[in-house]
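First comes the structure, then the notes that go with it.
Read-outs: derived from the displayed coordinates by stated rules, not from any lab. In this text, all values refer to a predicted model and were calculated from it rather than measured experimentally. Here the Cβ is made from the backbone with ideal geometry for all residues, glycine too, and neighbour counts use every protein chain on show.
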Amino acid sequence: MRSPDLLRHAWAVASKDLLVEFRSRTAILSAAVFVVLVLVVFNFGRDPTAISNVDLAPSILWVTFTFAAILALNRAFQLELENQALDGLLLAPIERSSIYVGKLIANLVFVATIELIGVPLLALFFNVPVLSYLLPLGALIALATIGFVAVGTLFSAMTVRTRFAELLLPVLLLPFMIPPLSWAVLATGRVLAGRPLSEIAGWLNMLAVYDIVFVTLAIFLFPATVNE
Amino acid sequence: MLLAEGLRHRFGAIRALDDVSFTVQPGQTLAVFGPNGAGKTTLLKVLAGLIQPQHGRAAVDGGRRAIGWIGHQPQLYGQLTVRENLRFWATLYDVQVPGDLLPRLGLEAHVDRPVRALSRGLVQRVAIARALVHDPPVLLLDEPFTGLDRVAAEALSRLLAEHAAAGRASVLVTHNVEEGTGLATDIAFMRAGRFVHLAPRAGRGAEQVSEDYRNAIA
Amino acid sequence: MRMLRVGRWITAIGLALLAGVYVRALAFTPIEQSQGLAQKIFYLHVPAAIWAETAMILVGLASIVYLFTKDPRLDRFAASSAEVGTVFCAIVLTTGPIWGKPIWGTWWTWDARLTFTLFLFLLYVGYLLLRSAIPDPAMRARYAAVLGICGMCEVPFIHLSVYMFPTLHPMPIVLQPGRPKLPWSMLSTWLLSLGVFTLLYVGFVVQRYAVSYFREQLEAAGEVGHA
């Protein structure tokens with residue numbers, strides 16, 4: 001099948017998911033509240049006299065995003081299992097991969113929304129100057145997010161059909177999140193410290209490589225998770 | 001139009017299909033009766049290409065695009081309206097929702113209501129509309145009468161009759177002999193993955209088929 | 001049944017030879033000057049680490065072929081290899097701190113190689129947990145294969161991420177062409193130990209493979225409930 005078809009069908013799946021999400025809004029609201037709560041908890045779980053805000057901010061940011069994303073990822077395929085709609089998708093004359101790409105787009109929009117809420121809150125609560133570094137920070141967050149959401153979307157297609165979906169997904173996904181996460185934390189620290197962009201170029205490159213490898217891999221492997 | 005050849009499939013210890021073969025020609029409706037767990041749903045999924053059988057071969061003329069599926073699960077999104085659901089499924093088949101589809105099923109009054117606000121019977125009618133959105137030449141029906149109110153059941157029977165009259169094929173699986181017999185041109189009984197009976201209906205009524213069924217399955 | 005016996009024999013020989021390696025290591029191999037007796041753990045630690053990582057690569061390769069051929073033997077091999085890899089990881093993770101305490105003065109440090117092994121261990125645990133969560137064998141095999149392939153591709157990335165942190169770990173001294181720092185007596189003991197661990201890997205995998213084969217036969221006969 002031609003790739004414009006794949007993208008068109010993927011977009012149909014993604015926009016349907018987002019419409020469903022927009023109708024109920026429970027998931028995105030819970031995730032947003034979760035982000036706020038984690039940030040508040042962090043405020044009480046640290047000693048402001050020992051470590052400066054800017055030093056701690058990258059860790060806080062990425063721990064918050066990681067857990068919020070994990071909470072969100074199972075949702076995409078749970079939606080399809082509710083009325084066996086997944087069988088309908090598999091029956092439709094579309095590439096299996098377009099289902100995956102659609103879910104990936106929807107999850108990325110979802111996680112990006114959470115991050116759009118998280119970054120200003122971090123700046124507000126911890127007095128971190130993000131405004132002057134919005135562009136490099138945005139690129140960094142985008143690159144790191146694509147990688148782990150790609151793996152997470154693939155894994156959630158499997159875990160939702162097991163008995164312990166909510167627990168199994170983090171157990172499977174966390175070892176895969178650690179490489180992009182560790183690069184992102186280091187690079188975020190440099191960005192917030194006002195270091196020149198050239199210092200984080202290496203990390204950005206590695207994040208990009210990770211994204212390319214795992215998005216490609218997931219597109220090829222996804223059909224194996226749904227073909228019986 | 002639809003062909004099954006020596007299908008065998010097992011899930012771990014459970015033998016779901018055991019050497020099942022048959023063909024369905026245009027205009028034929030095959031009704032497969034069997035108790036729960038006889039492998040009926042697996043058979044339909046193999047025909048639809050949702051399950052790759054471990055042995056044997058299933059083929060439908062025209063491939064996946066030619067198949068319409070009506071199951072006991074509606075395959076609809078509860079938060080979306082009837083119109084949005086149908087439009088989404090039509091997009092995947094690269095077609096428009098046919099204008100006469102909703103009136104035929106008596107759904108015009110409900111197009112802008114979310115599916116989860118509809119009654120069970122109405123939801124099933126929407127599911128039927130969903131399956132017909134691309135005007136499929138082959139219909140696969142898995143316990144389609146479950147949960148239908150009388151009006152909807154009659155509408156479905158009428159649709160299936162029209163479908164057959166237009167020279168199209170259907171396979172219907174159910175455990176309820178009374179429901180399926182009237183529509184069928186051919187009858188099969190299934191037990192533990194095997195076809196223990198496969199013959200044209202040849203004018204048998206529901207009572208006669210019921211008796212044959214009891215004799216064959218017991 | 002023959003296979004199980006063969007596996008047991010290989011393992012038994014491996015274990016006997018391992019005892020031999022340690023007799024040789026303790027009695028006939030010189031004590032390393034700066035580290036003292038603690039260095040002896042190196043003969044256990046490094047071969048186990050090499051096979052722990054190799055086992056993951058083998059899981060991934062078997063999984064790739066499985067997805068194409070759907071041959072249940074490959075799935076059984078992948079599962080066995082993962083279980084043995086988990087055990088080897090556990091060996092590395094226990095011997096590492098035992099060595100680290102006298103040498104580094106701490107049981108645990110976020111050293112690159114130790115961290116790497118920990119991630120590998122977590123990957124294995126996830127793989128085995130996923131397998132145990134799925135009752136249907138065909139589905140279990142497909143899902144495990146997907147995860148196994150991802151796991152294999154993840155290995156170089158974990159390497160990349162852990163080696164960016166400063167490390168206290170001794171650099172690899174065995175395979176450095178042109179700079180043979182290791183005296184022959186130590187190297188020969190170590191090579192012997194690597195051979196023994198290869199034997200142990202094969203022995204464990206063969207046994208585990210035979211057991212899962214029997215288990216599947218019983219499952220197919222309906223005599224064993226689903227895990």
Handout entry: A:ALA142/C:ARG73 FRET efficiency (R0 56 Å; Cβ-Cβ; nearest 0.05)
Key = 0.85
Problem - Proximal aspartates and glutamates relative to B:LYS45, as straight alpha-carbon distance under 19 Å, when same-chain residues fewer than 8 apart are discounted - result: A:GLU80, A:GLU82, A:ASP87, A:GLU95, A:GLU228, B:GLU5, B:ASP18, B:ASP19, B:ASP61, B:ASP142, B:GLU143, C:ASP136
Completion exercise
With a Förster distance of 41 angstrom and the Cβ-Cβ distance between B:GLU154 and A:ARG96, calculated FRET efficiency to the nearest 0.05 equals 0.65
Exercise for the section: Assign one of three labels to segment B:23-69, namely rounded, prolate or oblate, based on the Cα gyration tensor with a ≥ b ≥ c the square roots of its eigenvalues; rounded applies when a/c is under 1.5, prolate when it is not and a/b is larger than b/c, and oblate otherwise. Expected result: oblate
Exercise for the section: Please give the calculated 222 nm ellipticity per residue for chain A, where each DSSP H segment of at least 4 residues contributes -39500 (n - 2.57) and the sum is spread over every residue; nearest 500 deg cm²/dmol? Expected result: -29000 deg cm²/dmol
Handout entry: Percent of beta bridges antiparallel (DSSP, segment B:65-218, rounded to nearest 5)
Key = 45
Fill in the blank from the handout: Across the alpha-carbon set of segment C:1-142, Rg over Rh with Rh taken as the Kirkwood radius works out to 1.05
Handout entry: Estimated inter-spin distance, B:SER21 and C:ARG24, nm [label 7 Å along Cα→Cβ]
Key = 6.3
Exercise for the section: Identify the residues of segment A:4-22 with backbone N under 14 Å of a label point that sits 7 angstrom from the Cα of A:GLN78 along the Cα-to-Cβ direction, or state none. Expected result: A:21
Problem - Peptides C:140-146, B:63-69, A:21-27 ordered by average Cβ neighbours within 10 Å, highest first - result: C:140-146, B:63-69, A:21-27
Handout entry: segment A:3-226: equivalent-ellipsoid semi-axes (sqrt of 5 x gyration tensor eigenvalues, Cα, Å)
Key = 32, 19, 15
Handout entry: Two-decimal ratio, segment B:145-218, of alpha-carbon radius of gyration to 2.2 N^0.38 Å
Key = 1.14
Practice task
Please give the helix A:165-192 orientation as an angle from the longest Cα principal axis of chain A, in degrees from 0 to 90, rounded to the nearest 10.
Solution key: 40
Practice task
Could you work out, residue by residue across B:82-90, how many beta carbons of other chains sit within 10 Å of that residue's beta carbon, and then give the average as an integer?
Solution key: 3
Fill in the blank from the handout: Per-residue average of other protein chain Cβ atoms inside 10 Å, peptide C:129-139 -> 5
Handout entry: Residue with peak Gaussian network fluctuation, chain B [Cα springs, cutoff 10 Å], from B:PHE195, B:PHE145, B:PHE11
Key = B:PHE11
Exercise for the section: Can you give me the three principal axis dimensions of segment B:39-179 from its C-alpha atoms, in Å, biggest first? Expected result: 46, 37, 30
Handout entry: Cross-link partners of B:LYS40 among lysines (Cα-Cα below 26 Å; sequence separation of 8 or more within a chain)
Key = C:LYS70
Problem - Peptide A:79-85 - average C-beta neighbours from other chains (10 Å radius) - result: 6
Fill in the blank from the handout: Karplus ³J(HN,Hα) for segment B:90-96 (6.51 cos²θ - 1.76 cosθ + 1.60, θ = phi - 60°; Hz, whole; x = Gly/Pro) runs 5, 4, 5, 9, 6, 10, 9
Handout entry: Cross-link reach list, lysines versus C:LYS101, counting only Cα pairs under 16 Å and skipping chain neighbours closer than eight places
Key = C:LYS40
Exercise for the section: At a temperature of 25 °C and a viscosity of 0.890 mPa s, determine how fast the protein assembly as shown diffuses translationally according to Stokes-Einstein, using the Kirkwood radius over alpha-carbon pairs as Rh; express D in µm²/s, rounded to the nearest whole number. Expected result: 86
Handout entry: Packing-based ranking, highest mean first, of A:204-215, C:64-75 given that Cβ atoms within 10 Å are counted
Key = A:204-215, C:64-75
Exercise for the section: Report the charge-dipole magnitude of the protein assembly as shown in Debye, nearest 20, computed about the Cα centre from +1 at each Lys and Arg Cβ and -1 at each Asp and Glu Cβ. Expected result: 1140
